[in-house]
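The values are calculated or read from the model by the stated rules, or taken from the named source; none is laboratory data. This one's a predicted model, so the numbers in the text were calculated from it and none came from an experiment. A quick note on method: Cβ atoms are made from the backbone with ideal geometry, for glycine too, and the neighbour counts reach across all protein chains shown. Note: accessible area is taken over every heavy atom of the protein model, side chains too, but ligands, DNA and RNA are not part of it. Shrake-Rupley method; radii C 1.70, N 1.55, O 1.52, S 1.80 Å.
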Amino acid sequence: MKKNIPLLIVLVAGLLVIFSEFIPHRPFSMITETLENWFMIISGFAMLLGQISLIQVNSAKVRNKDENWVYYLIGLISFAVMLITGLLWGMDKTAGILGHGEGIKTWLGLKPFDYLFENVYQHLSATMFSLLAFFIASAAYRAFIIRSFESNLLMITAVIVILGRSSFGAMLTGWLPDSLSWLHLPKLTDFIMEFPNSAAQRAIMISAGLGVIGSSLRIILGIERSYLGSDE
Amino acid sequence: MLLLFGAFCSLTAGNTTLNVSDVPHDAGDALLIKWNLPAAYKDLTLAKADSAGIWQELNLSQEPVGEFTDTDLAPNQEYRYRLTAISSSDTVSFIKNGIPTEQWFYLKKMSFLIFLLVISFAILFYIWLAKQGKDLFIRRINGLDSMEEAIGRATEKGKPILFVPGLADLDDIQTIAALTILSHLARKSAEYDTDLIVPCRSSMVLSTAREIVKEAYQSANKADSYKEQSVFYLTDDQFGYVAGIDGIMVREQPAANFFLGTFWAESLILTETGFGTGAIQTAGTAQAHQLPFFIVSCDYTLIGEELFAASAYLSKDAQQLGSLKGHDFGKLLIILLILIGVVMEISGLHWFTNFFSPEL
Amino acid sequence: MKLTPLVERRIIYIVLFVAVMLPLIFPIGWRTEVSTHARMAYDLIDKTHAGKVVIISFDYDPSTMTELHPMALSMIEHAWSKGQKIIVTALWPQGPQLADEAFEQIKKTKFPNKVYGEDYVNLGYKVGGMVSIQAMGRSMQEVFPEDSSGLKYEDIPMLKNITTLKDVAYVSSLSAGDPGMKNWIMGAHDMFGVAVTGGTTAISAPGFIPYINSQNQLVGLLGGLKAASEYESLMGVVGPASVKMDAQSVAHLLILVFIAIGNIKVLVAKRKKSQQEQEVTNG
Amino acid sequence: MAEFMRVFGLYLGAFFTFCIFSFLYKDNPFYKLAEQIFVGISAAYWLIYIIYNTLMPNLFDKLINDFSGNAILLIPAALGIMMLMRIHPKTAWISRYPLALVIGTSAAISMLRYTKSDLLQQVSATMINPIVPGSVIETVGRFLLIIGTICGIYFFYFSKKQEGVYAVPSKIGIWFLMMSFGASFGYTVMARVSLLIGRLEFLLKDWLHIIQ
């Protein structure tokens, strides 16, 4: 019972969305948009579940004095600070419970929430993102090794494109005569990107598309139901 | 449809027209405007009356005969158009109204519908065949066969398993596919008594993942060893989430990492850190742009479709395996369609390609 | 010497960090080979006569500043060095502010004598993209009754002879997306025959190449940081784009060196192993 | 004071930048600190963001301003509250109904979207005339595009063991995949290095004023 009704909901919701795709008449033409809107609202509520989990997990670690518990305490504090400043004085152009906090704004230059966002959050996020520059170098060093025919293809195309996209790629092959201009590194890069690369990307997208049809169908028809959990 | 006709100046030729008609088989958001003027008229201006009745120019055309489709309209509302044309001797102006209406079928989506139906029926047919007890062959998929081995390794070492269900929310099919794989992995790890760590980026995924892991432990008769806190939420932020997982990888030192689902730019941050900790890494995604990074830094990678085939393959359930046969039918069909399309194009027949490339 | 993988990684990281940082502090000024598209854009501005009025449209926001701002700086400098007068427009709300920053910087460093209202004017942001451009073709003053600081259109000296968009020598759009260069091509060029050039991010550049055609819908194009540095090298300066492009090129080169070292290491290890094996079989 | 706080903010930013960079060497107290602050702050950030930018405008404001016109929004609100029933183990099963709705619609929407953009559009984009008079390179490229796409699709074919003749197209498919992976990898290098340049610009320009 606790599992059958959800399965029925999945079936009805799924079929409704699929039918409505081909019916341009209201109310069907509105269904997908409405459901997507609902999704935003439901997930907005659900967000609280995550936050509760975060508080539970961290406070358990603090209570049990786990290794590194101090950091988890700091995590909880930063969560609380951000939440409270956001609720009290709002963010950007939105007012909070206490309005816009003009007094604090003259002192800080920004709302406290925005101050933390700009000076802490954004830098943490941008720096975390920039680690990719390092990791892409170490991954290239380790992975682009001459081994088999396939791994050579991987390496050679990568090297051509890396060269072709930098400023000396053009210089390196600039002396080539016009008849061989297609070997010009930037041109070769464009060629690789446009043809062999697109071909493989298309193959991946097309077969994945078939996989999606299969997966969705199994879910909508209730053949795949493991995500619904137990029957108790 | 109300037609309003007004010529402000005298006309020299007789068969001049301005026509405004509804575009058939659509959501009632477009009107087709056609005009047919004598060749002497140049400098045509088409204008539409806005809500305040003021004429707003739509486009300029030098052609005395032409058409224009006005889109993004609201259904069942009346719109008014004016065409002004100038010739060497005079200026003419026409005004006409039109109402876009909704219909019950999108004609432009015909090929889409046929395609979807054919593939779906093929999948259902093979599921039915499997139900009849027909033995269906599916070749081995390395990335999937190795999953159990990875869990075994973690068990030997007494280290946990890390499962990351992607960075997308539950509205992405890749996340759902990843969660169905989680159900198999959780059962295995329950059987082996190996700890499972599942950090989640969104609350909906968290809820679903908890249900799944709990159910898996129950079905392995290990309900007591299920710890709710092993499936937890970190943050909704892309890089905050990644920072947290990186911390978990270096501190908990999981022996097997699974990154399945939707990943964006952060993919390499995760797998390089995981590589540094020496874990066996299995990744899978349909995000074509992230696959290279998984390929170079993971031991096994499920490419595109393999992610969606995984749960069916792992379940070893005949019906689920049957559905994979349906995918395969689709592949052969598509290869055939492409070949026909190429031949048609070479012979200069474009209707075939056009049928498959509607404006969706 | 035997390095563990962990130590190797650390070396890679530190070398990369330093190698990217150094060219930023000490610019190298590598000459880049100039693509035809960058040269076309350069030539258009270079061959426009002194005293002509031109439009530079700031159709981007801070998120794409790294790529587009250097182009804006170069184009302003180039146009001024040729004695042209610049009208600033913006199809993106944050554009006028970025334009002010750019003009301040150029005035401070290169052209202290340029006067607001005589040599340049900031007409500010206009919503609507295509519609505004069409309207400019009828009357500039109607679209911009006043500039971004509230000065009346008729009181701005350099705009005296500018009644419609057709009176402008060229439009250069620095475009991060929609609305942007596409609207200028369809509006300014296709409808009013004004030459259009400009720059975009590297990612969206391929989409604009078809417009560089026999109808000259688009006269040249700067695509991304690389093209921005090409433009700087055409002007003979080492600007912000060249500096960043140097850092890019160093990083690219370094990664290639890492790949080479990785291969050499594997090769040496293989040779050693086969030697050892031979010794074992011989011995 | 605001000026001091602005400069202080720069120092804060620089401090956290170095905290994250220190992870490249190894896990350390600074990274742990930055990581937990990051997780805490960003979790709260998104909660506040969703409240102010999704729940308020799309739900609460609408219900307050025009209740009867937006009464249908009570359905998602109720489903959202049902989701929250998960908190208590006894009522947790109630959350399956909203989850079922979400999964059902997601599956269907994904099915439609992927079929449209990833399947049909890619298939029709491959139906091209490969012969381009006057351009050998374009012709070669187009042939590669067609062959690569077809062999690539065959690579994913599950129903045959890939041996003998059947292994040939899937082998070619792998070659194309490998070339594509190498090319995408190389193509991304520039964008990733730009991120590092961006960070260095912050440190050297905004914080230290070493460069202009």
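Counting alpha carbon pairs within less than 8 Å and at least 6 residues apart, what relative contact order, in whole percent, applies to the range C:36-240? Intermediate values should be presented prior to the final figure.
Working: 407 pairs, mean separation 54.9, N = 205.
Relative contact order of the range C:36-240: 27 percent.
Would you kindly derive the ³J(HN,Hα) couplings of the range B:48-56 from the backbone phi angles with the Karplus curve 6.51 cos²θ - 1.76 cosθ + 1.60 (θ = phi - 60°), listing them in order in whole Hz, with x for Gly and Pro?
3J(HN,Hα) across the range B:48-56, in whole Hz: 10, 7, 7, 4, 8, x, 8, 6, 10.
Students sometimes get this wrong: rank A:Asp178, C:Asp59, C:Asp119 by accessible area, probe 1.4 Å, all chains present, largest first. Show your work: numbers first, answer last.
Numbers: A:Asp178 135, C:Asp59 0, C:Asp119 25 Å².
Per-residue accessible area, sorted high to low, gives A:Asp178, C:Asp119, C:Asp59.
Are there trypsin sites (Lys or Arg not before Pro) in the range D:1-64 that DSSP puts in a loop and that have at most 12 other Cβ atoms within 10 Å, and which ones? Please list the in-between numbers first.
On the way: sites: D:Arg6, D:Lys26, D:Lys32, D:Lys62; in loops: D:Lys26.
When the trypsin sites (Lys or Arg not before Pro) of the range D:1-64 are filtered for loop state and at most 12 Cβ neighbours within 10 Å, D:Lys26 remain.
Given A:Ser53, A:Met40, A:Leu15, which one lies farthest toward the positive end of the charge dipole of the range A:1-64, if we put +1 on the Cβ of every Lys and Arg and -1 on the Cβ of every Asp and Glu?
Comparing the listed Cα positions along the dipole, A:Ser53 ranks first.
Mind pulling up the Rg/Rh value for the range A:144-226? Radius of gyration and Kirkwood radius, both on Cα. Please report the intermediate quantities before stating the final value.
Details: Rg = 19.9 Å, Rh = 15.7 Å.
Using only Cα positions, Rg/Rh for the range A:144-226 is 1.27.
Could you give the spread of the C-alpha atoms of the range D:141-212 along their three principal axes, from largest to smallest, in whole angstroms?
65, 26, 13
Hey, could you get me the Stokes-Einstein D for the range C:36-240, Kirkwood radius over alpha-carbon pairs, 25 °C and 0.890 mPa s, rounded to whole µm² s⁻¹?
In µm²/s, the coefficient rounds to 149.
Per residue, how big is the convex hull around the C-alpha atoms of the range C:161-283? Give it to me in cubic angstrom, could you? Mind showing how you got there, number by number?
On the way: hull volume 20.5 nm³, N = 123.
So the per-residue hull volume is 166 Å³.
Compute the Cα gyration tensor for the range C:131-196, then decide on rounded, prolate or oblate, letting a ≥ b ≥ c be the square roots of its eigenvalues: rounded whenever a/c is under 1.5, prolate when a/b is larger than b/c in the other cases, and oblate in all that remain. Walk me through the intermediate numbers first.
Numbers: a/c = 2.03, a/b = 1.55, b/c = 1.31.
In terms of gyration-tensor shape, prolate.
Comparing C:Ala241, C:Ala90, C:Ala269, which has the greatest mean-square fluctuation in the GNM of chain C with Cα pairs linked when under 10 Å apart?
Of the options given, C:Ala269 has the highest mean-square fluctuation.
Report, please, the projected area of the protein assembly as shown averaged over directions, based on the convex hull of its C-alpha atoms, in nm². It would help to have the intermediate numbers written out before the result.
On the way: hull surface 201.2 nm².
In nm², the orientation-averaged hull projection of the protein assembly as shown is 50.3.
Find how many whole Å separate the alpha carbon centroid of the range B:234-255 from the alpha carbon centroid of the range C:104-139.
48
Applying a 10 Å radius around every beta-carbon, put D:163-170, A:196-203 in order of their mean neighbour count, most first.
A:196-203, D:163-170
At a Förster distance of 60 Å, what's the computed FRET efficiency of C:Lys160 paired with B:Ser21, Cβ-Cβ distance as r, to 0.05? All intermediate terms of the calculation are to be shown ahead of the outcome.
Working: r = 49 Å, r/R0 = 0.81.
Efficiency computed from Cβ-Cβ geometry: 0.80.
Take the alpha carbon atoms of the range D:77-109, find their center, do the same for the range C:247-283, and report the distance between the two centers in whole angstrom.
56
In the protein assembly as shown, what % of DSSP beta bridges are antiparallel (nearest 5)?
Numbers: 34 of 75 bridges.
Taking every DSSP beta bridge within the protein assembly as shown, about 45 percent pair in antiparallel fashion.
Mind checking which lysines have their C-alpha under 24 Å from C:Lys47, skipping anything on the same chain fewer than 8 residues away?
Once the sequence-local lysines are set aside, what remains near C:Lys47 is C:Lys82, C:Lys85, C:Lys107, C:Lys110, C:Lys114, C:Lys160, C:Lys166, C:Lys182, C:Lys226.
What residue among C:Pro240, C:Thr36, C:Val121 has its Cα farthest toward the positive end of the dipole of the range C:36-240, where the charges are +1 on Lys, Arg and -1 on Asp, Glu, each on the Cβ?
Working it through, the farthest residue towards the positive pole turns out to be C:Thr36.
Which residues make up the longest stretch of chain B clear of chymotrypsin sites (Phe, Trp or Tyr not before Pro) that lie in a DSSP loop with no more than 12 other Cβ atoms within 10 Å, not counting the sites? Don't jump to the answer; show the numbers that get you there.
On the way: sites that count: B:Phe5, B:Phe8, B:Trp104, B:Phe137.
Counting at most 12 other Cβ atoms within 10 Å as exposed, the longest clean stretch of chain B is B:138-360.
Longest exposed-loop-site-free stretch of chain C, with trypsin sites (Lys or Arg not before Pro), DSSP loop and at most 16 other Cβ within 10 Å? Display every interim value, and only then the final one.
Numbers: sites that count: C:Lys2, C:Arg31, C:Lys52, C:Lys82, C:Lys110, C:Lys114, C:Lys160.
That gives C:161-283 as the longest site-free run.
I'd like to know which of C:Thr281, D:Leu145, D:Asn65 lies farthest towards the positive end of the charge dipole of the protein assembly as shown, counting +1 on Cβ of Lys and Arg and -1 on Cβ of Asp and Glu.
C:Thr281
Taking the Cα centre of chain A as origin, work out the dipole magnitude from +1 charges on Lys and Arg Cβ and -1 charges on Asp and Glu Cβ, in debye rounded to 20. Please list the in-between numbers first.
Numbers: 16 positive and 16 negative charges, 76 e Å.
About 360 debye.
When the convex hull of the Cα atoms of the range B:147-298 is projected onto a plane and the area is averaged over all directions, what value comes out in nm²? It would help to have the intermediate numbers written out before the result.
Working: hull surface 30.5 nm².
Averaged projected hull area, Cα only: 7.6 nm².
How far is it, in nm, from the label point at C:Lys273 to the one at B:Asn354 when both lie 7 Å from their Cα along the line to the Cβ?
6.0
Mind listing the long-range amide H neighbours of A:Arg165? Cut-off is under 5 Å, sequence gap 5 or more, other chains count too, H placed in the peptide plane at 1.01 Å from N.
Residues meeting the amide H criterion: none.
Note the per residue figure in Å³ for the convex hull of the C-alpha positions in the range B:51-91. Walk me through the intermediate numbers first.
Details: hull volume 4.3 nm³, N = 41.
Cα convex hull per residue, to the nearest whole number: 104 Å³.
Pick out, in residue order, every one of the chymotrypsin sites (Phe, Trp or Tyr not before Pro) in the range D:1-91 that is DSSP loop and has at most 14 other C-beta atoms within 10 Å; say none if there are none. Present the calculation step by step, with values, prior to reporting the outcome.
On the way: sites: D:Phe4, D:Phe8, D:Tyr11, D:Phe15, D:Phe16, D:Phe18, D:Phe21, D:Phe23, D:Tyr25, D:Phe30, D:Tyr31, D:Phe38, D:Tyr45, D:Trp46, D:Tyr49, D:Tyr52, D:Phe60, D:Phe67; in loops: D:Tyr25, D:Phe67.
Answer in residue order: D:Tyr25, D:Phe67.
Taking R0 as 41 Å, what FRET efficiency do you get between D:Thr91 and D:Val7 from their Cβ-Cβ distance, rounded to the nearest 0.05?
Details: r = 52 Å, r/R0 = 1.26.
With a Förster radius of 41 Å, E is 0.20.
What is the Cα coordinate range of the range C:107-225 on the first, second and third principal axes, sorted by size from largest, in whole angstrom?
41, 37, 24
Using amide H atoms built in the peptide plane, which far-off residues or other-chain residues are under 5 Å from C:Ile86 H to H?
Residues meeting the amide H criterion: C:Val54, C:Tyr120, C:Val121.
By how many nm would the segment from B:Lys134 to B:Arg251 grow when fully extended, if each residue of separation counts as 0.36 nm and the alpha-carbon distance is taken off? Intermediate results must be reported in sequence, preceding the final value.
Working: separation 117, 0.36 × 117 = 42.12 nm, distance 4.91 nm.
Full-extension gain reported as 37.2 nm.
Would you mind giving the mean number of other chain beta-carbons within 10 Å of the Cβ of each residue in A:22-32, as a whole number? Numbers along the way, then the final one.
Values: counts 10, 7, 15, 10, 5, 0, 3, 7, 1, 1, 5.
Counting Cβ atoms of other protein chains within 10 Å of each residue's Cβ and averaging gives 6.
Run through the range B:307-360 and list the trypsin sites (Lys or Arg not before Pro) located in a DSSP loop whose Cβ has at most 12 other Cβ atoms within 10 Å. Before the final figure, lay out the partial values.
Numbers: sites: B:Lys316, B:Lys325, B:Lys331; in loops: B:Lys316.
Passing sites in the range B:307-360 are B:Lys316.
Roughly how crowded by other chains is peptide D:23-32, in terms of the mean Cβ count from those chains within 10 Å of each of its Cβ atoms?
Numbers: counts 10, 13, 5, 4, 7, 1, 3, 0, 5, 9.
Rounded to a whole number, the mean comes out at 6.
Please find the FRET efficiency linking B:Ile54 to A:Val70, where r is the Cβ-Cβ separation and R0 is fixed at 51 Å, and quote it to the nearest 0.05. Before the final figure, lay out each step's value.
Values: r = 67 Å, r/R0 = 1.31.
Using R0 = 51 Å, I get an efficiency of 0.15.
Might you report the magnitude of the Cβ-based charge dipole of chain C about its Cα centre, with Lys and Arg at +1 and Asp and Glu at -1, to the nearest 20 debye? It would help to have the intermediate numbers written out before the result.
On the way: 26 positive and 26 negative charges, 239 e Å.
Approximately 1140 debye in magnitude.
When a/c is below 1.5 the answer is rounded, else prolate if a/b is larger than b/c, else oblate, so apply that to the range A:1-64 with a ≥ b ≥ c taken from the square roots of the Cα gyration tensor eigenvalues. If you can, show how the numbers build up before the last one.
Numbers: a/c = 5.72, a/b = 2.29, b/c = 2.49.
The shape class here is oblate.
Ignore the peptide's own chain and count Cβ atoms of other chains within 10 Å of each Cβ in B:114-120; give me the average, rounded. All intermediate terms of the calculation are to be shown ahead of the outcome.
Values: counts 0, 6, 11, 0, 0, 8, 8.
That average works out to 5.
Mind putting a number on the dipole of the protein assembly as shown about its Cα centre? Charges go on the C-beta only, +1 for Lys and Arg and -1 for Asp and Glu, and I need it in Debye to the nearest 20. Write down the numbers at each step before the final one.
Values: 84 positive and 93 negative charges, 475 e Å.
For this selection, approximately 2280 debye.
How far apart, in nm, are the 7 Å Cα→Cβ label points at C:Asn213 and B:Leu339?
My value for the distance between the label points is 3.5 nm.
Using every pair of alpha-carbon atoms in the range B:210-331, split the distances into 5 Å bins beginning at 0 and state the percent of pairs per bin, rounded to integers.
With a bin width of 5 Å, the distribution comes to 2, 10, 15, 17, 20, 18, 11, 6, 1, 0.
Please compute the modelled spin-label separation between B:Ser146 and D:Ile75, points set 7 Å along Cα→Cβ, answer in nm with one decimal.
According to this spin-label approximation, the distance is 4.6 nm.
Can you give the translational diffusion coefficient of the range A:67-132 in µm²/s, computed by Stokes-Einstein from the Kirkwood radius over Cα pairs at 37 °C and 0.692 mPa s? Let's see the in-between values first.
Numbers: Rh = 13.0 Å.
Translational D for this selection: 252 µm²/s.
Using a 1.4 angstrom probe on the protein heavy atoms only, line up A:Glu33, C:Glu67 by accessible area, largest first. Numbers along the way, then the final one.
Values: A:Glu33 120, C:Glu67 50 Å².
Output order, biggest surface exposure first: A:Glu33, C:Glu67.
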